[in-house]
Amino acid sequence: MQFLAMLTMLIDHIGLIWFPEDAGWRIVGRLAMPIYAYAIVLGYFRTSHINRYLKRLAWIALISQLPYQFAFHLLEVNTVGSLFMCLLLLRLLDKYKGKPAVPYLIAAAFVILLEVLPFSYGAYLVLLVLIYRYAEAQWMTLLHFSLNAASVFVKGWVLQLFSVFATVFIIYLPGFLRSLDKIRMPRFVWRSFYPLHLTILAVLSYYMSNQSFQELLDFM
């Protein structure tokens, strides 16, 4: 699952930077974010040190922020920053689960916060993480598709419809994902891939754009 997440994210980002008119890159890339969202939920249940997990995500988000902005020319919090907020939400929901109405108010606050402030994917990512956390397996695909349909009407995210296939793989083809897990990823590769690949893409994009500009000047 880690390998598939990294590969599809790389494909998505290459398409976003250099092939924005070719939807094929972005369609493949729609698998990445749901897999990372699902991994956050799995990690939340499996970790024995939630505070350490939160700190690690926070550091990755901070390190990735400038490369993210330079690579995509976006003034928003990167996706790992959004995932950090989702992990924090899961922690708070369990901490206050015995309090009447408090978890619902916290969840609503996070949905609004990530949607109003410039967080990557905004409320969409929060709601998807909550689906993976609380929905029964047989309902996940339908709920994810419904979320995608709503995003088409609200934000015009047509390509996001294809992200439902990630949930299909997770729920109905776990054997396929387990087969990919045979490609072992050292922890430092999994943890460093996001900021590292963004830095490389940002440098390449800057170099190639300047080179093209220089070639144009030479031609003139």
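The table for this structure:
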{"quantity": "Test: residue in segment 86-100 that is under 24 Å from residue 8 (Cα atoms) and among the hydroxyl-bearing types (Ser, Thr, Tyr)", "calculated": "no"}
{"quantity": "Extreme residue, farthest from residue 127 (Cα to Cα), among residues of segment 23-38 that are among the aliphatic types (A, V, I, L, M) and in a helix (DSSP H, G or I)", "calculated": "23"}
{"quantity": "Sole exception among (1) in a helix (DSSP H, G or I); (2) in contact (Cβ under 8 Å) with a residue 24 or more places away in the chain for residue 11, by number", "calculated": "(2)"}
{"quantity": "Residues located in segment 184-204, provided they are of a type outside the set (A, V, I, L, M, F, W, C) and either surrounded by fewer than 17 Cβ atoms within 10 Å (Cβ to Cβ) or not in a helix (DSSP H, G or I) (or both)", "calculated": "184, 186, 187, 191, 192"}
{"quantity": "Identity of the residue in segment 7-25, more than 23 Å from residue 207 (Cβ to Cβ) and of a type outside the set (Gly, Ala, Ser), that ends up surrounded by the most Cβ atoms within 10 Å (Cβ to Cβ)", "calculated": "8"}
{"quantity": "Cβ-Cβ under 7 Å pairs, at least 6 apart or on other chains, segment 124-138 side farther than 11 Å from residue 93 by Cβ and in contact (Cβ under 8 Å) with a residue 24 or more places away in the chain, far side part of a helix (DSSP H, G or I) and hydroxyl-bearing (Ser, Thr, Tyr)", "calculated": "124/151; 125/82; 132/38"}
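Residue by residue, here is whether (1) touching a residue at least 40 places away in the same chain (Cβ under 8 Å); (2) surrounded by 18 or more Cβ atoms within 10 Å (Cβ to Cβ); (3) in contact with a strand residue (DSSP E or B) (Cβ under 7 Å, 6 or more places away or on another chain); (4) not β-branched (Val, Ile, Thr) holds:
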| residue | (1), (2), (3), (4) |
| --- | --- |
| 57 | no, yes, no, yes |
| 67 | yes, yes, no, yes |
| 75 | yes, no, no, yes |
| 83 | yes, yes, no, yes |
| 87 | yes, yes, no, yes |
| 96 | no, no, no, yes |
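Bear in mind these aren't lab numbers, they're just calculated from the coordinates by the rules spelled out. Please read these numbers as outputs of a predicted model, since none were measured by experiment. All Cβ positions, glycine included, derive from the backbone under ideal geometry; neighbour counts span all protein chains shown.
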